[in-house]
Every structure is written in structure tokens, then in C-alpha cells.
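Structure, as C-alpha cells:
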Amino acid sequence: MDIDRTGTPIPRVKCEVDTCKYWESGNLCQAQSIEITGREARNVHSTDCSTFENRS
Ligand code: SF4
């Protein structure tokens, strides 16, 4: 899924994935929108951001 990178971060979202092409300094996400997967997750390891794309 190719999402546009915007000039402004998503409010209230903190992300530490600095290898993502949408990541911005300050743990910000500048994707147009994000999608989180992990239906029926029972713990934190069962969810992920599926919008992630490698920066390189
Ligand atoms: S798209 Fe997902 S992984 Fe990438 S910076 Fe945004 S929240 Fe983080």
C-alpha cells in the first residue's frame, strides 16, 4: 500500500520506527493515514503498523 507522506505529523501518534519512510524526527509519523493490523490481539506483540515501508 503506497500512502502519501504529508508535511504534518498525525496528532497523538508516537512512533519509534525510525527505519520507516514515514517516520520523522521526534517520533512522529507523517503518513497520510495508517492502518494497524492484529484482529483479536491479546497482547502488544500481536499488533503492528501495516503502513510501514522501509526508508531505503
Ligand atoms: S507508518 Fe507506521 S511505522 Fe511508519 S512512521 Fe507511521 S506509525 Fe510508524
Name the one entry in 19, 6, 51 that is more than 9 Å from the ligand (Cβ to nearest atom) and either among the hydroxyl-bearing types (Ser, Thr, Tyr) or loosely packed, with under 11 Cβ neighbours inside 10 Å (or both).
-> 6
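Which of the residues spanning segment 22-44 are near the ligand (Cβ under 10 Å from one of its atoms) and over 14 Å from residue 2 (Cα atoms)?
Result: 23, 24, 27, 28, 29, 36.
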Those residues of segment 9-47 which are in a loop (DSSP other than H, G, I, E, B) and among the charged types (D, E, K, R) amount to 12, 14, 16, 18, 21, 35, 39, 40, 42
Evaluate the following for residue 50: is it out of contact with any strand residue (DSSP E or B) (no Cβ under 8 Å at 6 or more places or on another chain) and free of Cβ contacts under 8 Å to residues at least 60 places away in the same chain?
-> no
Residue that is nearest to the chain's Cα centre (by Cα) [pool: residues in segment 3-17 that are without any contact (Cβ under 8 Å) to a residue 12 or more places away in the chain and at negative phi] | 16
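Only the coordinates and a few stated rules stand behind these numbers; no lab work does. Treat the numbers as computed from the prediction; the structure is a model and nothing was measured. Please note: Cβ atoms are built from the backbone with ideal geometry, for glycine as well, and neighbour counts cover all protein chains shown.
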